[in-house]
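The values are calculated or read from the model by the stated rules, or taken from the named source; none is laboratory data. For clarity, every value in this text was computed on a predicted model and none was experimentally measured. Cβ atoms come from the backbone with ideal geometry, glycine included; neighbour counts cover every protein chain shown. Surface areas here come from the heavy atoms of the whole protein model, side chains and all, with no ligands, DNA or RNA. Shrake-Rupley method; radii C 1.70, N 1.55, O 1.52, S 1.80 Å.
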Amino acid sequence: MKTKEFDKVEKNLHKIYFVVAVIISSVLSIGMPLFSEPDGQWHYSVSSNIAHLSNDLSAYGEPIGTGTDVQEAAYQRGDWFEKYFENQIVKMPIEKIPRTSSIPPVLNFNFLGHTIPAFGVWLGYHIYPSVGVMVVVGRLVSSLVASFAICMIIKYLKRGKLLFMALSLTPVIVATTASLSYDTLSYIAALLVFMITINVYEAKRMTWKYALAMLATTVFVMIGTKTNIKILVALFPLVAFVLFLQRRKELGKSSFLNLNRRSLVILSVTGTALLVLALAAVFTFKPSLLFSAYRIIINFMVNLAPGLSTNNIFIGLLVSPYPGYNYMPYWVAGAWYILLVLVMLSEEKFVKSKLLSFGALGLFLANFLGVYHGFLTFLGAGYNPAPNNIVAGAIYGQQGRYFTPFIPLLALGLSNTALPLKILSKRSVLYLTVGLAFVSNFILIFATLFGIYYL
């Protein structure tokens, strides 16, 4: 396909994404076990509380916990549909529900992230008041709204459309949108930040329209997303500063960065010395950070939690929303990693600023370290005392979904014009994206149900 012909296709990528996403997410909404997302029972309870339909999950034998263990017996006995879809919910006062005994504050990601799922749960209740119908309808509503929102973001995005499409069709993201989880809103907010950043950079100037969009999005992200997503708004001042420097360069003024070799060496040595002194001071006044650094390093040198645990970031980043229950084969994760690299290399090189590229990579690293540091004291399944692998340095709790929304940051690095790597056949990459999306999401359903019956 010639470049001009593919340009016509690229203008319709948002439509292709929407059709594929709706088909896959609808199948996942119906086919995946109930509560198959992390903390699924909790997300259902919060959503039903917001819908003023507080009910007792123990009537189905379900705890306010996580996982699909309780459903295994019903699947194997063959009465799963009767148990979860025919038996009606048992309402109870919200204050008696364990762990979710109140409605979260409105201006909070917990409330805002469950608003659409709550509407879906309410709609499902009025179709038939069983937990199965309420969850499935809630999933369908959430996935439809999320798919439309992502479709609009891809439509108005000026660069990187194929990457946004591919990332949004990975099993982790599609399964998240086809659930009651608040992670869907955080992902959409992250894409919105990237869209505005890329569009502002492409426009090569800051306008009142973009400034207001940045301000509104910043408020939205600060109120409506999980903690780690908030650091993405640092892209706004970064891209504004990059445009400021480019404008000064166009006017023939100093960019503050055009230093001669001698000044650059002095600045580098001084900066390195100050960084070493700062780290020495930090470790002196807070020696526990040394142990934190050790734990993070040891996790990437030794596999302290082998198997399909929720700490399996390799498959949890893109293909397995809940690795301990999905039983996804490793080759599917490998295929998606390769595909996303091909997608990023097939996109047009549009970033000329090394500052923007390195700044994006810095934010990716900051989130990476921040998430790991945040779970240093988390003891997995409530172990007390901690088992040997945790004592040795294992970090539990971090999951792929905390890192997936940050992948476009890598694209801002690979899209730099200074990198000569480029894939020419964008058409083939598009075909691979759609094909792998259907295959991998089918495997997600099959592997999850296979695990319930036989593993």
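Before moving on, here are some points about what is shown:
- Hits in the stretch 292-309 (condition: in contact with a helix residue (DSSP H, G or I) (Cβ under 9 Å, 6 or more places away or on another chain) and open to solvent by 20 Å² or more (accessible area, probe 1.4 Å)): Ala293, Ile296, Ile298, Asn299, Val302, Leu304, Ala305, Gly307, Leu308, Ser309
- Evaluating Asn299 against the criteria (1) within 15 Å of Thr170 (Cβ to Cβ); (2) in contact (Cβ under 8 Å) with a residue 60 or more places away in the chain leaves one unmet condition, (1).
- When residues of the stretch 39-54 are limited to those that are within 19 Å of the chain's Cα centre (by Cα) and open to solvent by less than 10 Å² (accessible area, probe 1.4 Å), the one nearest to Val172 (Cα to Cα): Gly40
- Single condition Ile445 does not satisfy, out of (1) closer than 30 Å to Gly78 by Cβ; (2) of a type outside the set (Gly, Ala, Ser); (3) modelled with pLDDT under 90; (4) in contact with a Leu (Cβ under 7 Å, 6 or more places away or on another chain): (3)
- Qualifying residue in the stretch 79-86 (condition: open to solvent by 40 Å² or more (accessible area, probe 1.4 Å), among the basic types (Lys, Arg) and within 15 Å of Met134 (Cβ to Cβ)): yes
- Any hit, the stretch 330-338, residues being touching a residue at least 24 places away in the same chain (Cβ under 8 Å) and either in contact with a Leu (Cβ under 7 Å, 6 or more places away or on another chain) or exposed (fewer than 15 other Cβ atoms within 10 Å of the Cβ) (or both): yes
- Checking every residue in the stretch 120-133 against the condition of being aromatic (Phe, Trp, Tyr), at negative phi and outside any helix (DSSP H, G or I) gives at least one match.
- Meets criteria (surrounded by 21 or more Cβ atoms within 10 Å (Cβ to Cβ), touching a residue at least 12 places away in the same chain (Cβ under 8 Å), within 12 Å of the chain's Cα centre (by Cα) and more than 20 Å from Val22 (Cα to Cα)) for Ile229: yes
- When the stretch 310-327 is filtered for residues that are farther than 15 Å from Phe446 by Cβ, assigned to a loop (DSSP other than H, G, I, E, B) and open to solvent by 30 Å² or more (accessible area, probe 1.4 Å), only Thr310 remains.
- For first residues located in the stretch 98-120 and farther than 16 Å from Ser142 by Cα, partners that are among the charged types (D, E, K, R) and open to solvent by 60 Å² or more (accessible area, probe 1.4 Å) and lie 6+ apart or on another chain with Cβ distances below 9 Å form the pairs Ser101/Glu95; Ser102/Glu95.
- Qualifying residue in the stretch 344-363 (condition: outside any helix (DSSP H, G or I), acidic (Asp, Glu) and surrounded by 16 or more Cβ atoms within 10 Å (Cβ to Cβ)): yes
- None of Ala381, Ala386 is open to solvent by 40 Å² or more (accessible area, probe 1.4 Å) and either modelled with pLDDT under 90 or assigned to a helix (DSSP H, G or I) (or both) except Ala381.
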